[in-house]
Amino acid sequence: IIVGAGPSGLVACKTLLEAATHDFPFDPIVLEQEDDIGDTFQYRFYENTTLVSSKQLTSFSDFRLPLSHSDHLTLEQYVNYLRDYASHFNLWSRIHLACKVVNILKDPQGGHNVSYVRKREDNPAEWDSEAITIHIPYLAICTGLHIVPHVPGIPGGDNALKNNPEAKLFHSSEYKSRDQLRGKKILIFGTGETGMDIAYESAKAGAKEVVLCSRAGFLSFPKALNDFSLLGFKFESKSPVPIDSLITNLGETAYVHPWVAKSHTRWFISDFVIKRVLWVLTGTQAGCNQWVGELEPERLGRADVFLNKVSLCLCFPSDPDEDMPPQTDFTVELAPFSSHFTEGGRAISPLDLDKRSRPKRKDAVRIQGKVVKPNLVAYATGYEQKFGFLGEGYKTPGEADVRNICWSGDTSVAFIGFVRPGVGAIPPISEIQSMFWVLLLRDQVCKPLRAAHYHLLVNENTRIKYGVDHSTYVSTLAKDIGAAPGLREVWREYGWHVVLCYCFGAVFIPFYRLVGPSKSPVAPVIIKTELWDTITRRGLIGNIIGS
């Protein structure tokens, strides 16, 4: 049984079908509680949004989009892509829509008993009272990271709604269109990609006031790099380069000494280079042309933070130093998270949230004395991971000690798609996780497993502890399953063109289908066309820096 028909559930189903043998006759069934596939991309989207990960990275390894297609898909386009994927690999007969899993219990004789209910035919808004139970040997949980909204408790939050019948409070999962923002005084908690989107949409919708609250700052880059100037010379690119395709295999994954991997030295070196390049090109190291909301220096790096690839909002935030001319007539005020709301509904920002001896946050100083009384509060504060349908004896993704997929005591249960890359995309991670799990079940994974050096660095107070470095995590799994190609091996079978692509390409899954148990005849074709096009867009300097 596969629970969930989003990207992770679909690729897990397809991988199991392809891996079925006489000894392992995988016969997957996908249970999806919604009326269509697509999960978050279908049911938690809003207007004017696109994927922040590129088609080159996000597309599955053997089902690609045309070269002529734009690099970043709208959510509607991506859901259509998933439908085409399901059709191409004959998955529809495996997918059972409007089927909600309500209980999963361990069977004393072995395996798992999965109980689910269907929507009532006479009233689709309700579920059948009688559950259907299936006994199965293998279970894949693919429900995704973005299901249960996380709303932090801010004292007095309800006061913002008092005495104002038009005032509203919602989580970003409820946001759909600019109509919800027009004419409002808006307070947004969270400066992740969704928070930035809502701030930008608020400004474009004609909001009266927008205050964007950040706990500790953010690191912003555009999802694609285009023209830039250096020493008065302007460099123009015919095609933007997706940011998630910049870090190459040559200096990252083609060969990594164990000491280098353990010490994360290559992460820190790449941070050092990128910061200097940013300073030369944009005058600031805080982010790409980012002059506000900077992180503390010790957290400004790929090992510590999730990159924010929504940069449109950066034309609106005010500069706390006021030493730069405003870019627009409208201003998005930056502020720390509010400590509480007064009885009258005013949001109070403490002068300095950080109790350590460091300069006070500039946005905190600037916001002092300003009266912030929102009539719309938006929580862009992410999601929680809850698995109420799992019975006694089951663990959660946070306890999965085998490559963050399953636990060593019971590899028959897998959590697919429950890590979050600092820079990257979850669908390709889910694809190689599915390959790994299938081979683990068949006892074909290289053992003992190498030490895990792919987790982002966190402290005990960090809420999201499932962050990984995309390239390190994917390449680690590829090595585990014997799919990471050696340069000599690639040269002998495919020639210099594919070797160059592998060295200067990013961690695209087609590279891990050149050799090994998931070897595919379409992989070299994809590499020599689509991925080669992505590499050549960078130019000579871009490829040198990326390496």
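The values are calculated or read from the model by the stated rules, or taken from the named source; none is laboratory data. Here the structure is a predicted model, which means the values were calculated and not measured. Cβ sites come from the backbone with ideal geometry, for glycine too, and all protein chains shown count toward neighbours. All accessible areas refer to the heavy atoms of the entire protein, side chains included, with ligands and DNA or RNA removed. Shrake-Rupley method; radii C 1.70, N 1.55, O 1.52, S 1.80 Å.
Worth pointing out:
- The lone exception for K395 - which of (1) of a type outside the set (V, I, T); (2) out of contact with any Ser or Thr (no Cβ under 7 Å at 6 or more places or on another chain); (3) buried (at least 18 other Cβ atoms within 10 Å of the Cβ) it fails: (3)
- Count of residues meeting criterion [in contact with an Asp or Glu (Cβ under 8 Å, 6 or more places away or on another chain) and closer than 20 Å to S87 by Cα] in region 40-70: 6
- Qualifying residue in region 165-174 (condition: modelled with pLDDT of 85 or more, assigned to a strand (DSSP E or B), in contact with an Asp or Glu (Cβ under 6 Å, 6 or more places away or on another chain) and open to solvent by less than 30 Å² (accessible area, probe 1.4 Å)): no
- On inspection, E47 passes the criterion of being touching a residue at least 40 places away in the same chain (Cβ under 8 Å) and either polar (S, T, N, Q) or open to solvent by 30 Å² or more (accessible area, probe 1.4 Å) (or both).
- Every residue from region 175-185 that is within 26 Å of the chain's Cα centre (by Cα) and either open to solvent by less than 60 Å² (accessible area, probe 1.4 Å) or over 26 Å from H146 (Cα atoms) (or both): Y175, S177, R178, Q180, L181
- Selection status of S338, closer than 23 Å to T194 by Cβ, hydroxyl-bearing (S, T, Y) and modelled with pLDDT of 75 or more: yes
- Filtering S518, S471 for residues that are buried (at least 19 other Cβ atoms within 10 Å of the Cβ), within 23 Å of D62 (Cβ to Cβ), touching a Gly at 6+ places or on another chain (Cβ under 9 Å) and not assigned by the TED database to the domain that holds F24 leaves a single hit, S471.
- Complete set of residues in region 173-192 that are of a type in the set (D, E) and under 22 Å from L334 (Cβ atoms): none
- Some residue of region 97-112 being touching a residue at least 40 places away in the same chain (Cβ under 8 Å), open to solvent by less than 30 Å² (accessible area, probe 1.4 Å) and in a helix (DSSP H, G or I): no
- Taken over region 405-422, the criterion of being buried (at least 21 other Cβ atoms within 10 Å of the Cβ) and either among the aliphatic types (A, V, I, L, M) or part of a strand (DSSP E or B) (or both) is satisfied by I405, C406, V413, A414, F415, I416, V419, P421.
- Near pairs, Cβ below 7 angstrom, 6+ apart or cross-chain, from region 494-522 (β-branched (V, I, T)) to any residue that is open to solvent by 20 Å² or more (accessible area, probe 1.4 Å) and assigned to a loop (DSSP other than H, G, I, E, B): V522/D62
Residues are listed down the side, and each one gets a yes or a no for (1) in contact with a strand residue (DSSP E or B) (Cβ under 7 Å, 6 or more places away or on another chain); (2) open to solvent by less than 50 Å² (accessible area, probe 1.4 Å); (3) within 25 Å of F387 (Cβ to Cβ); (4) not hydroxyl-bearing (S, T, Y):
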site	(1), (2), (3), (4)
V30	yes, yes, yes, yes
I37	yes, yes, yes, yes
V52	no, yes, no, yes
Q56	yes, yes, no, yes
S87	no, no, no, no
R94	yes, no, yes, yes
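- Filter result (touching a His at 6+ places or on another chain (Cβ under 7 Å) and within 17 Å of V468 (Cβ to Cβ)) within region 384-421: P421
- Selected residue (only one of L75, L65, L57, L82 is within 23 Å of A199 (Cβ to Cβ) and in contact with a helix residue (DSSP H, G or I) (Cβ under 9 Å, 6 or more places away or on another chain)): L75
- Of all residues in region 267-315, exactly one satisfies the criterion of being among the hydroxyl-bearing types (S, T, Y) and at pLDDT 70 or above, namely T284.
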